[in-house]
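Comments concern the structure below.
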Amino acid sequence: LTGASASVLRSAVMFSFVAVGRHFGKSASIFNSLAVSAFVLLCYNPFYLWDVGFQLSYLAVLGIVIFQRPIYNLILAKNKWVDKLWQLAAVSLAAQLLTFPVCIFYFHQFPNLFLPVNMVVVPLSGLILYAEIALVCFSWIPVLGPLLGKLVGLLVGAMNFFIGKMNSMPGAVWDNIPATLFSTILLYAVVIFFASWLLTTNKRWLFTALGSTLAFLALHCFLELDTNRQERLIVYNVPRHRAIDIVRGTHYQFMGDSALQTDALLRNFHLKPARIFMRLDKEPALLLAKDPDEHFFQFGKKRVAVIGPDQLPGEGSKPVTVDIIILTGNPKISISELQQVFSCRQYVFDAANSLWKIAKWKSECETLHLRCHSVPEEGAFILDL
């Protein structure tokens, strides 16, 4: 019904093994069913291991299997409908326990309103699924088919409207959360050890959990101190665009195309992850003094020249000494011509240049024994000062 996408295959295979095991009345643990389904999928495609959907689906099910019953037993609801709502809430909380560190690591955000949203969206999505199956089965009936189509459209529209309204509420999402692989591992240690203590009441797990929490906080403090000392120049790999960040501490100054400043999708995809990783402020700061010559900027002890199609340098009486030259936007100039104007040993070709032109410049740099970096081919250029 859904086209057998990778995420659906993961879910179908995983729950098929669970269902087959239960159907035959086998006493094997559900963890074995989950493990064998993961093994089969990884034999089919080992790269699923690094797929975010694969990781989240198995972590969510593990969370539900391990934590749903203990969470549900915390509250005894006598009313039948209140009990059903609490069952749904317990499932959502259990799934979130093992998935939120991965979500923070990959997406750097946490949905603060996940519980009330799930209380509406989960049953509504189930209703939509049944309505869509009915639509597929009875769409050929002249009157019933269009009615079912309108019903599915109304239900999907209502769900999207509700999600959009909840997402627009103040504080709906805790955004820009920095995370590293090591901090994610420590966060999992905190969650697992605290959960083990609550489930077993063994004090050893409590002390281990407190130790993991202390290590997590110490790592956070170290990263904060390291962030305040950072100074770097970054030329991002944004196809057909110039994107340069000058970073000092938690502040940055952006030098790039106006399209990147107005296009939120481009910024979020290409620039936002790096800025979150470096713990930079949302609003850029003016870090560079204005140079009377628009070609140059001074940052720390480094003098950098940016050469674009509208910024071709004029010849001077003697070469101007610079540390780095950044070529952007396919300027009609050769490296040998630049060497007559500048005294420079390092060239950077950003992603706003054509690959054929970069290949030509690289060949010239090899002939002249100059260092060069092609951003489209080698990734972002990062210079730590």
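What the table shows:
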{"quantity": "Residue match in region 272-289 (condition: in a helix (DSSP H, G or I), among the basic types (K, R), within 20 Å of the chain's Cα centre (by Cα) and modelled with pLDDT of 65 or more)", "calculated": "yes"}
{"quantity": "Test: residue in region 164-176 that is over 28 Å from R267 (Cβ atoms), open to solvent by 60 Å² or more (accessible area, probe 1.4 Å), out of contact with any strand residue (DSSP E or B) (no Cβ under 7 Å at 6 or more places or on another chain) and in a helix (DSSP H, G or I)", "calculated": "no"}
{"quantity": "Qualifying residue in region 22-36 (condition: more than 27 Å from Y130 (Cα to Cα), among the basic types (K, R) and modelled with pLDDT under 90)", "calculated": "yes"}
{"quantity": "Verdict on D310 being farther than 16 Å from K362 by Cα, open to solvent by 10 Å² or more (accessible area, probe 1.4 Å) and at pLDDT 90 or above", "calculated": "no"}
{"quantity": "The one condition in (1) open to solvent by 40 Å² or more (accessible area, probe 1.4 Å); (2) at pLDDT 85 or above; (3) part of a helix (DSSP H, G or I) that L74 fails to fulfil", "calculated": "(3)"}
{"quantity": "Where A352 falls short, out of the listed (1) within 16 Å of I244 (Cα to Cα); (2) modelled with pLDDT of 90 or more; (3) open to solvent by less than 10 Å² (accessible area, probe 1.4 Å)", "calculated": "(3)"}
{"quantity": "Matching residues, region 24-67, being touching a Leu at 6+ places or on another chain (Cβ under 7 Å) and of a type in the set (S, T, Y)", "calculated": "Y48, Y58"}
{"quantity": "Scope region 77-88; condition assigned to a loop (DSSP other than H, G, I, E, B), open to solvent by 70 Å² or more (accessible area, probe 1.4 Å) and not basic (K, R); matching residues", "calculated": "N79"}
{"quantity": "Single residue of V61, V36, V65, V91 found to be of a type outside the set (G, A, S), closer than 30 Å to P273 by Cβ and open to solvent by less than 60 Å² (accessible area, probe 1.4 Å)", "calculated": "V61"}
{"quantity": "Pairs, first closer than 16 Å to L338 by Cβ and of a type in the set (D, E, K, R) in region 297-319, second assigned to a strand (DSSP E or B) and modelled with pLDDT of 85 or more, C-beta under 9 Å, six or more apart", "calculated": "R303/T321; R303/I324; K318/S343"}
{"quantity": "Filter result for A131 (open to solvent by less than 50 Å² (accessible area, probe 1.4 Å), in a loop (DSSP other than H, G, I, E, B) and over 20 Å from G63 (Cα atoms))", "calculated": "no"}
{"quantity": "Condition check for F100: touching a Leu at 6+ places or on another chain (Cβ under 9 Å) and open to solvent by less than 70 Å² (accessible area, probe 1.4 Å)", "calculated": "yes"}
{"quantity": "Strands (runs of 3 or more DSSP E) wholly inside region 180-268 that include at least 1 residues being in contact (Cβ under 8 Å) with a residue 60 or more places away in the chain and either out of contact with any Lys or Arg (no Cβ under 7 Å at 6 or more places or on another chain) or open to solvent by 40 Å² or more (accessible area, probe 1.4 Å) (or both)", "calculated": "231-235, 243-248"}
{"quantity": "Checking F110 against (1) touching a Phe, Trp or Tyr at 6+ places or on another chain (Cβ under 6 Å); (2) over 24 Å from F67 (Cα atoms), the condition it does not meet", "calculated": "(2)"}
{"quantity": "Qualifying position, being surrounded by fewer than 19 Cβ atoms within 10 Å (Cβ to Cβ) and touching a Pro at 6+ places or on another chain (Cβ under 7 Å), among S334, S343", "calculated": "S343"}
{"quantity": "Flag if F269 is among the aromatic types (F, W, Y) and under 29 Å from P331 (Cα atoms)", "calculated": "yes"}
{"quantity": "Qualifying residues in region 180-206 (those that are within 18 Å of the chain's Cα centre (by Cα) and among the aliphatic types (A, V, I, L, M)) - the one farthest from A94 (Cα to Cα)", "calculated": "L181"}
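Okay, residues lined up against (1) out of contact with any strand residue (DSSP E or B) (no Cβ under 6 Å at 6 or more places or on another chain); (2) modelled with pLDDT under 90; (3) of a type in the set (K, R):
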site	(1), (2), (3)
Y48	yes, yes, no
W81	yes, yes, no
K84	yes, yes, yes
L93	yes, no, no
V117	yes, no, no
L127	yes, no, no
A134	yes, no, no
L148	yes, no, no
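The values are calculated or read from the model by the stated rules, or taken from the named source; none is laboratory data. Computed from a predicted model, the values in this text were never measured in an experiment. When we count neighbours, we look across all protein chains shown, and the Cβ atoms used for this are built from the backbone with ideal geometry, even at glycine. These accessible areas exclude ligands, DNA and RNA; they are computed on the full protein's heavy atoms, side chains included. Shrake-Rupley method; radii C 1.70, N 1.55, O 1.52, S 1.80 Å.
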